[in-house]
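**Student:** First, the structure itself, so that you have it in front of you.
Every number here is computed from the coordinates shown, using simple stated rules; none is lab data. These figures come from a predicted structure and were not determined experimentally. Positions of Cβ are backbone-derived with ideal geometry, glycine not excepted, and every protein chain shown enters the neighbour counts.
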Amino acid sequence: MSTGGIIAIVVIALVFITIFAFSIKIVRQSTAVVIERLGKYKRTLETGIRFIIPFFDRPAGKPISLKEQVKDFKPQPVITKDNVTMQIDTVVYYQVTDPKLYTYGVEQPINAIENLTATTLRNLVGELELDGTLTSRDTINTKMRLVLDEATDAWGIKINRVELKNILPPRDIQQAMEKQMRAERERREAILIAEGEKRSNILVAEGEKEAEVLRAEAKRLALIKEAEGTADAIKLIIDAKPDAAYLTLKGYEAMAQIADGQSTKLIVPTELANLTSLLASLKESLNLPDGAQDATKKNTKNASNKDDKK
């Protein structure tokens, strides 16, 4: 074979290798490639080894990721219903579901989503006051997701979640809110302290009340027991049928207790005859000797004379 023939074979082989190399397209996992043939959409290549016609088929752009993606948009100025301007930034979780629509549906899809998010956010916040905006994150997130998802269906994009990342009111509003929050905390603290003191006083009062009730109950039971003891003692004395000597002795003991008291007044019986009878009974009960009996009679006589003089 001549040199020219060898060169021709080599050139043909290189051409076939080049054509074969350009005809093979490897698509990675979770990606898709849109193929155009002579400038017109032909098909979408999915994951794996795919073949295309060299020089006629070409990718419409970079491989499109089919994974869920997160886009953090910069803060947007919004005005509430009560004319408070604040900055709100959003985070959008989206996923490409149709590579063809994503490629041909809208120019710069991410930029389109950002602008749509800003306008939707202004519409929703404009219907709320400042306090409602701060406390209605979930409501705003849900409404924004529904609006964005419906609008991006034509772009081959699925909006999975929308979150308000930061809500930044003006500085003076923040200071007023901080003062209000501090005052609310102080009010709650004062209420808790007052409720604690009230509860403590109630518990102390209830304890004193229960103690008084228990003391009164104990006193009542003691009086009952004492009365029952006295009644039993009287009953026993009555059942024993005491004689005059016993009764006279008990009367003497009662007079001795009166005389031994701390009072400055002295009670003297008006009937000395009773006293005489008392002493006579005592003599008989105690069996005093004759000398003691004479002394007793003498004292009784002197007491009678003094009483007559009075």
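**Student:** Select from Ile191, Gly207, Ala227 the residue farthest towards the positive end of the dipole of region 183-241; place +1 on Cβ of Lys and Arg, -1 on Cβ of Asp and Glu, and compute about the Cα centre.
**Tutor:** In region 183-241, that residue is Ala227.
**Student:** Hey, for a label at Asn123 modelled as a point 7 Å past Cα toward Cβ, could you say which residues of region 146-166 have their backbone N under 16 Å away?
**Tutor:** 146-154
**Student:** Here's another thing I want to ask about it. Relative to the compact-globule scaling 2.2 N^0.38 Å, provide the ratio for the alpha-carbon radius of gyration of region 124-165. Write down the numbers at each step before the final one.
**Tutor:** Details: Rg = 11.7 Å, N = 42, 2.2 N^0.38 = 9.1 Å.
Cα Rg divided by the expected 2.2 N^0.38 Å: 1.29.
**Student:** Related question: When only Cα pairs under 8 Å and 6 or more residues apart are kept, what is the percent relative contact order across region 131-246? Intermediate values should be presented prior to the final figure.
**Tutor:** On the way: 20 pairs, mean separation 16.7, N = 116.
Across region 131-246, relative contact order equals 14 percent.
**Student:** Mind listing the long-range amide H neighbours of Arg50? Cut-off is under 5 Å, sequence gap 5 or more, other chains count too, H placed in the peptide plane at 1.01 Å from N.
**Tutor:** Lys25, Ile26, Val27
**Student:** Give the order of Ile6, Ile237 when sorted by the count of other beta carbons within 10 angstrom, beginning with the fewest.
**Tutor:** Working: Ile6 10, Ile237 13.
Fewest-to-most ranking of Ile6, Ile237: Ile6, Ile237.
**Student:** Kindly put Ile202, Ile140 in sequence by how many other C-beta atoms sit within 10 Å of each C-beta, fewest to most. Mind showing how you got there, number by number?
**Tutor:** Details: Ile202 10, Ile140 23.
Exposure proxy ranking, most exposed first: Ile202, Ile140.
**Student:** Counting other C-beta atoms within 10 Å, which of Met181, Met144 has the fewest, and how do the rest follow? Write out the running numbers ahead of the final one.
**Tutor:** Working: Met181 10, Met144 23.
In increasing order of surrounding Cβ atoms, one gets Met181, Met144.
**Student:** Sort the following peptides by mean Cβ neighbour count (other Cβ atoms within 10 Å, averaged over residues), highest first: 89-101, 50-62, 223-235. List each step's numbers first, then the result.
**Tutor:** Details: 89-101: 18.5, 50-62: 14.0, 223-235: 10.0.
Descending mean neighbour count gives 89-101, 50-62, 223-235.
**Student:** Kirkwood hydrodynamic radius for region 193-232: how many Å is it when counted over pairs of different Cα atoms? Show your work: numbers first, answer last.
**Tutor:** Numbers: mean 1/r = 0.0827 Å⁻¹.
Radius from the Kirkwood sum: 12.1 Å.
**Student:** For region 72-197, just say rounded, prolate or oblate: build the C-alpha gyration tensor, square-root its eigenvalues into a ≥ b ≥ c, call rounded for a/c under 1.5, and beyond that prolate if a/b exceeds b/c, oblate if not. Mind dumping the intermediate values first?
**Tutor:** On the way: a/c = 3.68, a/b = 2.61, b/c = 1.41.
Judged from the Cα gyration tensor, region 72-197 comes out prolate (a/c at least 1.5, a/b above b/c).
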